[in-house]
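I have placed the structure first, in the form of structure tokens, so that the comments after it can refer back to it.
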Ligand SMILES: Nc1ncnc2c1ncn2[C@@H]1O[C@H](COP(=O)(O)OP(=O)(O)O)[C@@H](O)[C@H]1O
Ligand SMILES: [Mg+2]
């Protein structure tokens with residue numbers, strides 16, 4: 001089972017879009033895919049038309065329930081999507097209270113790792129969408145995964161935030177005693193804008209091969225796809241955006 005975490009401490013950089021888009025393509029290739037929403041804002045859940053406020057169970061319950069029941073609960077919480085092999089573990093707002101509630105308890109960093117271990121025969125891919133906050137949820141997502149994707153908007157302000165995220169990864173890698181396989185994914189790239197090109201060049205020069213050698217373009221079809229509650233590869237398979245995420249997926253394998 002491949003577990004990929006999509007993280008950046010900055011919001012609005014394309015984390016949720018990356019999670020949904022890669023998940024959609026994988027599911028269309030008949031892979032069994034689980035998308036985990038760990039963001040209290042529940043954007044990933046809303047993307048698929050799951051009303052977070054109506055839910056009685058969510059990612060939150062995995063964290064607050066006794067260890068023995070966590071994996072069963074995880075399977076119990078899953079929401080289906082338009083794609084037969086694509087499932088969502090949805091988020092609720094109370095996830096925002098987890099840090100206060102459990103942050104200091106020891107062993108809380110490995111809740112997701114253990115819960116996923118117990119369902120490793122059920123899925124081929126697990127993609128974890130992170131909140132833009134370094135807390136117990138992001139720590140769990142980083143500990144559980146074997147690959148990290150860091151979407152970053154190709155503009156200078158976003159690059160500043162990236163330094164912070166890469167520093168976080170360094171610290172986390174040391175404290176978890178785990179080598180991270182991280183790839184920076186330049187997103188919302190507008191090739192007509194010089195500043196975007198400059199930002200991309202500076203990503204490549206600052207981070208070298210840690211930066212994906214291609215980019216995800218700005219594409220209005222992403223917004224339309226989210227309004228249609230459908231991953232872009234199903235909504236607009238011939239769009240530039242769908243093509244770019246297919247290319248990204250190929251480079252990840
Ligand atoms: N490549 C893209 N082109 C155009 N719009 C995009 C692109 N990627 C994301 N968006 C839009 O930008 C907004 C923020 O993206 P999102 O994936 O929710 O970011 P994050 O999860 O990092 O906060 C959303 O409205 C999304 O539809
Ligand atoms: Mg998001």
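The values are calculated or read from the model by the stated rules, or taken from the named source; none is laboratory data. Predicted model only: the values in this text are computed from it and were never measured. A quick note on method: Cβ atoms are made from the backbone with ideal geometry, for glycine too, and the neighbour counts reach across all protein chains shown.
A few remarks follow.
- Residue 34 vs. criteria within 14 Å of the chain's Cα centre (by Cα), surrounded by 15 or more Cβ atoms within 10 Å (Cβ to Cβ) and more than 16 Å from ligand 2 (Cβ to nearest atom): yes
- Options 73, 86, 102, 22; residue that is more than 16 Å from ligand 2 (Cβ to nearest atom) and more than 16 Å from residue 140 (Cβ to Cβ): 86
- Qualifying positions in region 119-133 - more than 15 Å from ligand 2 (Cβ to nearest atom) and either under 22 Å from residue 177 (Cα atoms) or buried (at least 23 other Cβ atoms within 10 Å of the Cβ) (or both): 126
- Test: residue in region 52-63 that is surrounded by 19 or more Cβ atoms within 10 Å (Cβ to Cβ), within 15 Å of ligand 1 (Cβ to nearest atom) and under 19 Å from the mean Cα position of the chain (by Cα): yes
- Test: residue in region 18-25 that is more than 22 Å from residue 186 (Cα to Cα) and surrounded by 23 or more Cβ atoms within 10 Å (Cβ to Cβ): no
- Count - residues of region 33-51 that are in contact (Cβ under 8 Å) with a residue 24 or more places away in the chain, touching a helix residue (DSSP H, G or I) at 6+ places or on another chain (Cβ under 7 Å) and under 16 Å from residue 80 (Cβ atoms): 7
- So residue 26, is it in contact with a helix residue (DSSP H, G or I) (Cβ under 6 Å, 6 or more places away or on another chain) and either part of a helix (DSSP H, G or I) or closer than 25 Å to residue 55 by Cα (or both): no
- Test: residue in region 152-166 that is more than 13 Å from ligand 1 (Cβ to nearest atom), modelled with pLDDT of 95 or more, within 20 Å of residue 212 (Cα to Cα) and in contact with a strand residue (DSSP E or B) (Cβ under 7 Å, 6 or more places away or on another chain): no
- Scanning region 30-47 for residues that are closer than 20 Å to residue 124 by Cα, within 13 Å of ligand 1 (Cβ to nearest atom) and in a loop (DSSP other than H, G, I, E, B) gives a single hit, 38.
- Tally of residues being near ligand 1 (Cβ under 10 Å from one of its atoms) and within 16 Å of residue 235 (Cβ to Cβ) across region 1-29: 6
- Meets criteria (over 23 Å from residue 130 (Cβ atoms), within 15 Å of ligand 1 (Cβ to nearest atom) and out of contact with any helix residue (DSSP H, G or I) (no Cβ under 9 Å at 6 or more places or on another chain)) for residue 238: no
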